[in-house]
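The values are calculated or read from the model by the stated rules, or taken from the named source; none is laboratory data. Here the structure is a predicted model, which means the values were calculated and not measured. Virtual Cβ from ideal backbone geometry, glycine too; neighbours counted across all protein chains shown.
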């Protein structure tokens, strides 16, 4: 459900720091919003020198930019808590001061998003939505958090997720 894009100057974040940031973002998003952690997606992009500008000038410091796309419908207090806690958690995981963090949260309508082959529920409806999924899909999603990551397409071969001709449910 939430997708967080993290950009940093190339060579600022090694694999261990990226893993720590992904875990921190997943934990904070789940704690603040109540959404299951297996929905969180974190994508990193290393920006080469000369490809990042602020105020028309090349980036001079080690900034980390986090752009989160989340489902709309949460209060301004929840969004504020999410941004504040993300800033602290990501800064700690990255080993940079909070002042180096830039965090933007963009909201998308739930029914304008699809993951795992199913249109997403409104915030707060995750439990009933997950329970109503076909068992194979539910088991696959819930296993992501327990097994340390998403599985490859081979693990879903033959399922509705891997069949482009399968009918998309109105879940």
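When you check residue 35 against the structure, is it outside any loop (DSSP other than H, G, I, E, B), closer than 21 Å to residue 144 by Cβ and out of contact with any strand residue (DSSP E or B) (no Cβ under 7 Å at 6 or more places or on another chain), yes or no? When the stated conditions are applied, residue 35 does not pass them. Residue selection: residue 76 fails the criterion of being over 19 Å from residue 42 (Cα atoms), out of contact with any strand residue (DSSP E or B) (no Cβ under 6 Å at 6 or more places or on another chain), surrounded by fewer than 18 Cβ atoms within 10 Å (Cβ to Cβ) and at pLDDT below 80. Scanning the range 81-123 for residues that are loosely packed, with under 15 Cβ neighbours inside 10 Å and over 17 Å from the mean Cα position of the chain (by Cα) yields 92, 95, 97, 98, 99, 111.
If you check residue 107 against the conditions, is it in a loop (DSSP other than H, G, I, E, B), touching a strand residue (DSSP E or B) at 6+ places or on another chain (Cβ under 9 Å) and either at pLDDT 95 or above or under 19 Å from residue 1 (Cβ atoms) (or both)? In short, no.
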